[in-house]
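Below is one structure, written out as structure tokens; the observations come after it.
The values are calculated or read from the model by the stated rules, or taken from the named source; none is laboratory data. Source: prediction; values computed, not measured. Glycine gets a Cβ as well: all are built from the backbone with ideal geometry, and neighbour counts include every protein chain shown.
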Amino acid sequence: MDRLLPLLRTPLACACAAALSPLPVLAQSTLASLPAVTISAEEGSGAPLAPSLQAERARLERVPGGTNLVTPQQEARLATLRDALDYQPGIVIQDFFGATDQPRLNIRGSGIQSNPLNRGVLLLQDGLPLNEADGSFIIGLLEPRNAALVSVRRGANTLTPGATTLGGELDFQSLTGADERARVRSEYGSFGRRALQAALGQAGQGWDGRISASADRYDGWRHHSASRRDALQANLGWKSGTLENRSYLSWTDLQFDIPTVVPKERVHSNPQGVLGDGNTLQDQLLNVYRRDPRRAARQLRLANRTLWGDAALRQELGWYWQSTDDFFNDQTTHFGTQSHTSGLQWQASGQVGSALHWRGALAWSRSRMERTLDANNPANGSALQRFGSYDLQAQNLQAQLGLDWQWAPAWTAHAQLGASRQTRDAREQRTGQALDQSWRFATPKVGVSWTPQPRQRWWASLSRSQEAPTFWEIVSASVLPPNPASAQAALVALQLQSASTFEIGGQGRWGEGANAPQWQITYYRSEVQDELMSTADANGIKIGTYNYAGGTRHQGIEAGFSGRSGAWDWRSSWTYSDFRFKDGRYAGNRIAGVPRHLLNAELLWRHASASGTWRMGPNVRWQPGATPIDHANTPGSTQDGYALLGLKLEWKNGPWNAYLLADNVTDRRYASSYAIRNQASAAMPGYLPGLGRSLAAGLSYQF
């Protein structure tokens with residue numbers, strides 16, 4: 001496999017591996033959030049800086065709102081972010097090219113308009129922000145194989161001061177040396193998909209360490225859609241009494257080609273094709289092979305966390321630094337960005353008596369970026385004239401205070417107040433044009449929880465969210481495809497996007513025992529002002545962002561159900577999204593970008609024998625009805641509904657684990673995503689065909 005084994009033999013990997021002497025380790029957690037399994041007190045590291053599943057579940061149960069607790073290591077395949085987060089209510093992932101590229105992540109409609117770079121949620125790695133200080137992130141840099149669990153706090157149900165947006169936060173908690181001694185994993189699939197991971201973990205008296213190296217290659221289903229990702233991640237922790245410290249290192253090299261969008265008709269007639277495969281004027285103007293759209297991002301990240309104290313007063317201090325080199329060619333423009341981000345975060349928590357729990361936090365982050373804009377040569381994809389060179393600086397200072405008061409045995413009142421000062425300063429190096437923006441705002445929240453019995457919890461809350469624009473919205477580029485000399489850049493002054501949200505819901509189990517069915521359901525309604533709307537031109541290329549002049553409304557239902565009965569395991573989720581313009585230009589229309597209904601379900605038959613445990617069965621991803629791709633809701637300009645049928649076969653026997661997956665077994669032709677516009681037609685390039693029928697197989701061994 002090209003370039004896979006050299007990665008696993010890098011000097012840094014060898015040095016870190018040699019430093020970890022072989023000592024006994026704790027057993028790897030075999031817990032799964034879906035379906036339910038028996039919880040053992042010995043499973044998981046249990047340390048506050050690397051919380052066990054039990055500890056994180058207990059923390060989320062104190063949140064008056066919708067959350068998800070995901071255990072990626074229980075999934076058969078972990079090639080993409082969808083593999084880790086599928087079947088989770090409230091989380092919408094729209095694939096672009098089906099590999100390690102840039103899927104569109106959406107929670108409650110936050111950041112759905114932000115392609116090519118995502119915003120709208122705060123990504124955390126071990127409790128510290130992964131986003132740049134302007135709020136943007138490159139989602140393809142995430143490595144789900146290295147996550148012990150993912151803690152998702154949807155909407156305003158956040159626990160860190162940097163999360164102020166409508167979407168909430170996702171915290172990827174790393175596997176440690178106390179979780180597993182070593183693992184080797186290989187994955188292969190259709191269209192040249194192949195992956196290899198090797199991890200080594202060790203633990204001693206009061207310390208542990210782990211290092212993981214992974215490599216992914218994908219030739220691509222569509223033409224011009226190859227991708228690759230190499231990643232190296234390590235962490236080292238020690239504990240002495242009530243003092244604990246953990247250091248983290250990660251390095252990721254991500255590259256992928258972009259096949260871009262096509263007219264709706266080609267989704268069905270030639271879903272693997274790209275513009276350039278035909279003889280139309282569109283094919284000649286936007287020839288993908290000549291324009292060579294692609295992305296390449298490389299990031300190095302260092303972080304450290306220190307925790308001390310006890311239940312009466314516990315404090316944590318963390319810092320992080322990351323350097324990112326990002327190149328993006330969207331067919332007409334080369335965006336080159338070099339960024340350096342650093343941040344500090346202090347958190348404290350404690351309790352007064354048994355009824356009052358409090359927490360406080362301060363956070364500071366800053367990103368310095370240099371961004372260049374070059375017109376793309378339509379003949380060979382090289383850079384032509386430079387039409388933008390920017391110095392960019394984003395800085396945030398944030399505070400948070402929360403109180404939980406159990407004023408009756410079954411009732412708890414919750415209050416949280418966040419305060420932020422955010423700045424976005426941009427300067428054009430050649431002309432001296434500058435735009436400095438700053439915002440001060442508060443994000444309050446009040447809520448109540450009711451626990452009528454140990455296996456059931458209900459909640460309601462009112463909250464306020466705020467989101468500042470990223471530099472991908474502030475720095476605007478425009479190039480007419482037939483005329484690179486027309487390239488223009490501008491700095492755009494934008495307002496905060498703000499929202500007031502009401503939320504009500506509950507979760508629990510039906511019956512006794514660890515295998516009792518689990519359920520959760522949440523209804524939310526957000527009244528949004530100055531929503532940030534990014535739109536594409538007639539060719540499907542982003543042209544700018546604006547604040548919608550009227551109000552918008554995001555409301556929906558997030559529901560999940562899972563369990564185990566006899567020889568059957570099942571899990572399912574339903575995410576309903578009703579997003580509309582309240583008034584203004586598009587009053588009454590649906591906001592483009594999010595399917596109204598998204599249903600996922602899986603049913604597996606389980607059989608234990610002397611040769612191991614087998615699980616097999618079907619799964620379905622169903623998006624009924626048509627979704628508008630433009631805010632004008634033009635008839636015919638829709639993503640048609642679809643249902644994708646899959647099959648899964650898993651085998652586990654001690655340290656061995658193998659799987660065989662079949663996706664889209666009926667070879668359904670459908671659009672997985674699309675470019676969002678103010679107004680569109682089906683003839684415009686705007687649709688991304690979803691993957692066809694495919695097979696994948698994998699094998700792992702845990703030492």
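Answer with yes or no whether SER151 is of a type in the set (S, T, N, Q) and either in contact with a helix residue (DSSP H, G or I) (Cβ under 6 Å, 6 or more places away or on another chain) or modelled with pLDDT of 90 or more (or both). So that I can check it myself, show each step before the final result.
Working: of a type in the set (S, T, N, Q): yes; either in contact with a helix residue (DSSP H, G or I) (Cβ under 6 Å, 6 or more places away or on another chain) or modelled with pLDDT of 90 or more (or both): yes.
So SER151 passes the test.
Sort through ALA375, ALA312, ALA303 and tell me the only one that's within 24 Å of the chain's Cα centre (by Cα) and of a type in the set (A, V, I, L, M). Break it down into steps so the answer makes sense when it comes.
Details: ALA375 fails: within 24 Å of the chain's Cα centre (by Cα); ALA312 fails: within 24 Å of the chain's Cα centre (by Cα).
Only one candidate qualifies: ALA303.
Matching residues to (1) farther than 30 Å from ARG464 by Cβ; (2) of a type outside the set (Ser, Thr, Tyr); (3) modelled with pLDDT under 95:
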residue: TRP519; (1), (2), (3): no, yes, no
residue: SER526; (1), (2), (3): no, no, no
residue: THR535; (1), (2), (3): no, no, yes
residue: LYS542; (1), (2), (3): no, yes, yes
residue: ARG553; (1), (2), (3): no, yes, no
residue: PHE561; (1), (2), (3): yes, yes, no
residue: TRP574; (1), (2), (3): no, yes, no
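The residue that is surrounded by the fewest Cβ atoms within 10 Å (Cβ to Cβ), among those in the stretch 550-600 that are more than 14 Å from GLU531 (Cα to Cα) and among the acidic types (Asp, Glu), is ASP578.
Go through the stretch 182-227 and report how many residues are assigned to a loop (DSSP other than H, G, I, E, B) and surrounded by fewer than 23 Cβ atoms within 10 Å (Cβ to Cβ).
Here is the first cut: in the stretch 182-227, the ones assigned to a loop (DSSP other than H, G, I, E, B) are 190-192, 205-206, 219-226.
Then keep just the ones that are surrounded by fewer than 23 Cβ atoms within 10 Å (Cβ to Cβ); that gives 190-192, 205-206, 219-221, 223-224, 226.
Residues meeting the conditions: 11.
Note on the stretch 271-321: residues that are part of a strand (DSSP E or B) and without any contact (Cβ under 8 Å) to a residue 24 or more places away in the chain amount to 1.
Among the residues making up the stretch 493-518, those that are of a type outside the set (D, E, K, R), exposed (fewer than 14 other Cβ atoms within 10 Å of the Cβ) and over 16 Å from TYR548 (Cα atoms) are TRP510, GLY511, GLY513, ALA514. Within the stretch 403-418, the set of residues being in a strand (DSSP E or B), touching a residue at least 24 places away in the same chain (Cβ under 8 Å) and among the hydrophobic types (A, V, I, L, M, F, W, C) comprises LEU403, TRP405, TRP407, TRP411, ALA413, ALA415, LEU417. The set of residues in the stretch 624-648 being within 25 Å of the chain's Cα centre (by Cα), part of a loop (DSSP other than H, G, I, E, B) and buried (at least 21 other Cβ atoms within 10 Å of the Cβ) consists of ILE629, HIS631.
I'd like the full set of residues that are free of Cβ contacts under 8 Å to residues at least 60 places away in the same chain and over 29 Å from VAL492 (Cα atoms), limited to the stretch 423-446. Correct list: VAL446 only.
For the stretch 585-607, a residue qualifies if it is in contact (Cβ under 8 Å) with a residue 40 or more places away in the chain, under 17 Å from ILE107 (Cα atoms), not small (Gly, Ala, Ser) and not in a strand (DSSP E or B), and the qualifying residues are ILE591, VAL594, PRO595. Taking the options ARG371, ARG421, name whichever one is at pLDDT 95 or above, surrounded by fewer than 21 Cβ atoms within 10 Å (Cβ to Cβ) and assigned to a strand (DSSP E or B). Only one candidate qualifies: ARG421. Cβ-Cβ distance below 9 Å, separation of 6 or more or different chains: which pairs start in the stretch 447-469 with a residue that is farther than 30 Å from GLU132 by Cβ and end on one that is surrounded by fewer than 18 Cβ atoms within 10 Å (Cβ to Cβ) and acidic (Asp, Glu)? Final answer for the pair search is SER449/GLU61; THR451/GLU61; ARG455/GLU512; ARG457/GLU61.
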